[in-house]
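Undergrad: This structure is in structure tokens; I'll ask about it shortly.
The values are calculated or read from the model by the stated rules, or taken from the named source; none is laboratory data. This is a predicted model, so every value here is computed, not measured. Here Cβ is always computed from backbone atoms with ideal geometry, including for glycine, and neighbour counts include all displayed protein chains.
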Amino acid sequence: MRISTKSIHVGEEPDTESGYGDVVSTIHLSTTFARKDPLHPTKGYEYTRSGNPTRDALERKIASIENGKYGLMFSSGLAAETNMFLSLFRQGDHIIASDDLYGGTERLLRKVLSNVGISYELRDLTKSSSLEGIPGNTRLIYLETPSNPLLRIIDIKGISKISREHGLLTAVDNTFATPYFQNPLDLGADIVVHSTTKYINGHSDSLGGALIANNDELYEKLKFNQNAIGAVMSPFDSYLVMRGLKTLSVRMREHESNAEKVVSLLKGSHKVKKVYYPGLVEHENHDVASRQMKGYGGMISFKLDADIEGVKRFAGNLNYISLAESLGGVESLMEVPSLMTHAGVPKEIREKYGVTDDLIRLSVGIEDPEDLIEDISSALERV
Ligand SMILES: Cc1ncc(COP(=O)(O)O)c(C=O)c1O
């Protein structure tokens, strides 16, 4: 099966047991499962935190579209990350992460993991030379590509190879690209991380996260803590994500096609200083993006030739693009990372890698592109 077929059919086998033949998988809302015999749970299910048929169906679907053997669903992207870090690392271990990182991930590393003795450092992983001098207690290379918010591109194959040579694990946050455009496991990564809140669900109505892996031992550790820590995805959210995923391919094609049109508009505007989009030939790692991705996605960042008042005027004059955090839904959203998603990252850290107050991040939705172009053009005129 190709990805469009998998995202529709895996986990949605027609129900022959109820006798109704539903072609959509049932939502099993029950938190517990009755059994006839204390030692043998009915069909293996005991309690929804440890296993639920709806969540299992989604876990099979998400593993399959990432070309992975195992999938695990969590209550948010950060819950998935926390589960991974706490399952695999302990006091004294060290993590190297890419420097342009989702603000919440950076906060988790800085404010939570450091308290339990797991240290980290941020490096510019767009250059493989940045992995020279790996401290002896390093256990993981963690990267986002395309990164949030600067859409930097990291060579997954190159970094995973160096990481493996040093006996380290590599985890890739694939939230921005989605498995429609990029499959990190095929490129040598050990673990794929998703905030399913974004494109995977695609409709801005479910918070969730996922981990996908191929290795049996890794999976056992992650699965044990999924239950032991308990930050699992609810059955109802699992159903929403199952439903959202069915249109992943068509949504991603439209997101990308609209993004390309918006990029052309922004590039031609004298109100815009710089556009960040991996599909642009002048993007610093465009060649790596072309090699490892099947498309460039629906996220764009750009710098307005304006101060913060100009940025506010731009946001205030948009009709169809809400000023809101998050991304990857069918509706277009814009945000100012320095004041919103990345406000928790210390100013000196974020400004060092380019997240300044004039930076705008745009999640291009799948509205009619002409409406989006008209809306953005008129807001730019008012900057
Ligand atoms: C790239 C990336 N990873 C992880 C997360 C965290 O996901 P969640 O908000 O579902 O916890 C986000 C949230 O914006 C994100 O953009």
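Undergrad: Among the residues in the stretch 45-67, are any in contact with a His (Cβ under 6 Å, 6 or more places away or on another chain) and among the β-branched types (V, I, T)?
TA: Yes - at least one qualifying residue is present in the stretch 45-67.
Undergrad: Could I ask something else about it? Considering only residues of the stretch 291-341 that are more than 17 Å from S363 (Cα to Cα) and buried (at least 20 other Cβ atoms within 10 Å of the Cβ), which is farthest from the chain's Cα centre (by Cα)?
TA: Q292
Undergrad: Of all residues in the stretch 78-98, how many are among the aliphatic types (A, V, I, L, M), within 15 Å of the ligand (Cβ to nearest atom) and not in a strand (DSSP E or B)?
TA: 4
Undergrad: Restrict the check to the stretch 328-340 and report whether at least one residue is modelled with pLDDT of 95 or more and at positive phi.
TA: yes
Undergrad: Starting from the stretch 210-222, take each residue that is in the same structural domain as S87 (by TED's automatic domain parsing) and list its partners that are among the charged types (D, E, K, R) and surrounded by 18 or more Cβ atoms within 10 Å (Cβ to Cβ), counting only C-beta distances under 6 angstrom and pairs at least six apart or across chains.
TA: Short answer, once both residue conditions are applied: I212/E66.
Undergrad: Quick one: which residue in N317, N285 is of a type outside the set (S, T, Y), in the same structural domain as I366 (by TED's automatic domain parsing) and touching a helix residue (DSSP H, G or I) at 6+ places or on another chain (Cβ under 9 Å)?
TA: None of the others qualify; the one that does is N317.
Undergrad: Counting just the residues of the stretch 152-177 that are within 11 Å of the ligand (Cβ to nearest atom) and more than 17 Å from M84 (Cβ to Cβ), which one comes out surrounded by the most Cβ atoms within 10 Å (Cβ to Cβ)? Walk me through how you get there before you give the answer.
TA: Of the residues in the stretch 152-177, the ones within 11 Å of the ligand (Cβ to nearest atom) are 172-177.
Add one more test, that the residue is more than 17 Å from M84 (Cβ to Cβ), and what stays is 176-177.
Numbers: F176: 26, A177: 28.
Taking the candidates together, the pick is A177.
Undergrad: Would you be able to tell me the number of residues in the stretch 189-209 that are more than 12 Å from the ligand (Cβ to nearest atom) and either of a type in the set (G, A, S) or part of a loop (DSSP other than H, G, I, E, B) (or both)?
TA: The initial filter retains those residues of the stretch 189-209 that are more than 12 Å from the ligand (Cβ to nearest atom), namely 189-191, 202-203, 205.
Next, only the ones that are either of a type in the set (G, A, S) or part of a loop (DSSP other than H, G, I, E, B) (or both) stay: 189-190, 202-203, 205.
Residues meeting the conditions: 5.
Undergrad: Another question about this same structure. For the stretch 178-188: of the residues being within 15 Å of the ligand (Cβ to nearest atom) and not aromatic (F, W, Y), which is surrounded by the fewest Cβ atoms within 10 Å (Cβ to Cβ)? Give the steps one after another, and end with the answer.
TA: To start, the set of residues in the stretch 178-188 that are within 15 Å of the ligand (Cβ to nearest atom) comprises 178-179, 181-182, 184.
Restricting the remaining residues to those that are not aromatic (F, W, Y) gives 178-179, 182, 184.
Numbers: T178: 28, P179: 29, Q182: 23, P184: 28.
Looking at residues that are within 15 Å of the ligand (Cβ to nearest atom) and not aromatic (F, W, Y), I get Q182.
Residues are listed down the side, and each one gets a yes or a no for (1) closer than 13 Å to L72 by Cα; (2) in contact with a Ser or Thr (Cβ under 8 Å, 6 or more places away or on another chain):
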{"residue": "G167", "(1), (2)": "no, no"}
{"residue": "Y180", "(1), (2)": "no, yes"}
{"residue": "T196", "(1), (2)": "yes, yes"}
{"residue": "Y199", "(1), (2)": "no, yes"}
{"residue": "S204", "(1), (2)": "no, yes"}
{"residue": "A213", "(1), (2)": "yes, no"}
{"residue": "G244", "(1), (2)": "no, yes"}
{"residue": "S249", "(1), (2)": "no, yes"}
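Undergrad: Separate question: Looking only at residues in the stretch 122-134 that are out of contact with any Asp or Glu (no Cβ under 8 Å at 6 or more places or on another chain) and assigned to a loop (DSSP other than H, G, I, E, B), which one is surrounded by the most Cβ atoms within 10 Å (Cβ to Cβ)?
TA: Taking the candidates together, the pick is I134.
Undergrad: A follow-up question, please. Considering only residues that are of a type in the set (S, T, N, Q) and either in contact (Cβ under 8 Å) with a residue 12 or more places away in the chain or outside the structural domain of Q91 (by TED's automatic domain parsing) (or both), which ones fall in the stretch 114-169?
TA: Correct list: S119, T126, S128, N137, T138, T145, S147, N148, S160, S163.
Undergrad: Another one. Suppose the filter is under 19 Å from the mean Cα position of the chain (by Cα) and more than 21 Å from K223 (Cα to Cα); does L151 pass it? If you could, list the steps in order and put the result at the bottom.
TA: Values: under 19 Å from the mean Cα position of the chain (by Cα): yes; more than 21 Å from K223 (Cα to Cα): yes.
It is true that L151 is under 19 Å from the mean Cα position of the chain (by Cα) and more than 21 Å from K223 (Cα to Cα).
Undergrad: Those residues that are surrounded by fewer than 19 Cβ atoms within 10 Å (Cβ to Cβ) and in a helix (DSSP H, G or I), I need them from the stretch 1-26; list them, please. Talk me through it step by step, then tell me what you get.
TA: Restricting attention to the stretch 1-26, the residues satisfying the condition of being surrounded by fewer than 19 Cβ atoms within 10 Å (Cβ to Cβ) are 1-2, 4-5, 8-9, 13-24, 26.
Those that are surrounded by fewer than 19 Cβ atoms within 10 Å (Cβ to Cβ) and in a helix (DSSP H, G or I): S4, T5, I8, H9.
Undergrad: Considering only the stretch 354-383, how many residues are outside any loop (DSSP other than H, G, I, E, B) and either more than 30 Å from V112 (Cα to Cα) or not assigned by TED's automatic domain parsing to the domain that holds V272 (or both)? Let's see the steps before the verdict.
TA: Filtering the stretch 354-383 down to residues outside any loop (DSSP other than H, G, I, E, B) leaves 359-363, 369-381.
Then keep just the ones that are either more than 30 Å from V112 (Cα to Cα) or not assigned by TED's automatic domain parsing to the domain that holds V272 (or both); that gives 369-381.
Within the stretch 354-383, residues that are outside any loop (DSSP other than H, G, I, E, B) and either more than 30 Å from V112 (Cα to Cα) or not assigned by TED's automatic domain parsing to the domain that holds V272 (or both) number 13.
Undergrad: What about I366, is it surrounded by 15 or more Cβ atoms within 10 Å (Cβ to Cβ) and either more than 20 Å from F181 (Cβ to Cβ) or of a type in the set (A, V, I, L, M) (or both)?
TA: Spelling it out, I366 is indeed surrounded by 15 or more Cβ atoms within 10 Å (Cβ to Cβ) and either more than 20 Å from F181 (Cβ to Cβ) or of a type in the set (A, V, I, L, M) (or both).
Undergrad: Would you please list the contacts, defined by Cβ atoms under 6 Å and residues six or more apart or on different chains, that run from a residue in the stretch 276-288 that is buried (at least 20 other Cβ atoms within 10 Å of the Cβ) to a residue that is in a strand (DSSP E or B)?
TA: Close Cβ pairs (under 6 Å, with a partner that is in a strand (DSSP E or B)) amount to Y276/S301; Y277/I300.
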